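The next block holds one structure in the form of structure tokens; read it before the comments.
The values are calculated or read from the model by the stated rules, or taken from the named source; none is laboratory data. Since the structure is predicted, the reported quantities are computational estimates derived from the model, not experimental observations. All Cβ positions, even for glycine, are placed from backbone atoms using ideal geometry, and neighbour counts span all protein chains on display.
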Amino acid sequence: MADWASTHRLWEKWASNNVGFSGEPLKAALLLHYDPNGPSRLLSVIAEQEGTNLKAIDLHPFLDFVKRNNLQKEFFFIGSSQYLVTSIHEHWFCARSVNASIPGGEGVIVMQIGAFLLVAMYEGSIGSASRAMVAADQFAWQLGRKNH
């Protein structure tokens, strides 16, 4: 695993170019420490976040959902948004909000990158989802490159 300072620098650069409210592909993003085999008292915590102000306790139900790996049969929450998984892949999944307040909807892409979960949140539909996926994949590639 790359040292924390280089991971933090990578996050700062990536988030400044991809997370925001004016034309950026993501409205918010979280980088969570994630060890699915760790004891429950050491639940994952927020490593970085941009565009949101969640606390670790807010994410415990989401992390439990990921750990259960019952992605197709349950809803999950991130903050006040409830999501339904729409697409599952080897190291990532996509979900759409079922209680979005904006007309175009909201979605999230969750990627496992080594000992991290990247949670990339976006507003909109197919075009927005594509831009969000490019941004998330770019971070995953850069972090993976630093780790090898």
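Restricting attention to the range 44-72 and to residues that are more than 14 Å from the chain's Cα centre (by Cα) and surrounded by 16 or more Cβ atoms within 10 Å (Cβ to Cβ), the residue that is nearest to residue 13 (Cα to Cα) turns out to be 67.
For residue 30, state whether it is modelled with pLDDT of 95 or more and over 18 Å from residue 116 (Cα atoms). Please lay out each step first, then the result.
Values: modelled with pLDDT of 95 or more: yes; over 18 Å from residue 116 (Cα atoms): no.
Considered against the rule, which asks whether it is modelled with pLDDT of 95 or more and over 18 Å from residue 116 (Cα atoms), residue 30 comes out as no.
When the residues of the range 82-122 are filtered to those that are free of Cβ contacts under 8 Å to residues at least 40 places away in the same chain and polar (S, T, N, Q), the one that is surrounded by the most Cβ atoms within 10 Å (Cβ to Cβ) is 97. Check whether at least one residue in the range 125-132 is more than 14 Å from the chain's Cα centre (by Cα) and either closer than 15 Å to residue 19 by Cβ or aromatic (Phe, Trp, Tyr) (or both), and report yes or no. So far as the range 125-132 goes, yes, one or more of its residues are more than 14 Å from the chain's Cα centre (by Cα) and either closer than 15 Å to residue 19 by Cβ or aromatic (Phe, Trp, Tyr) (or both).
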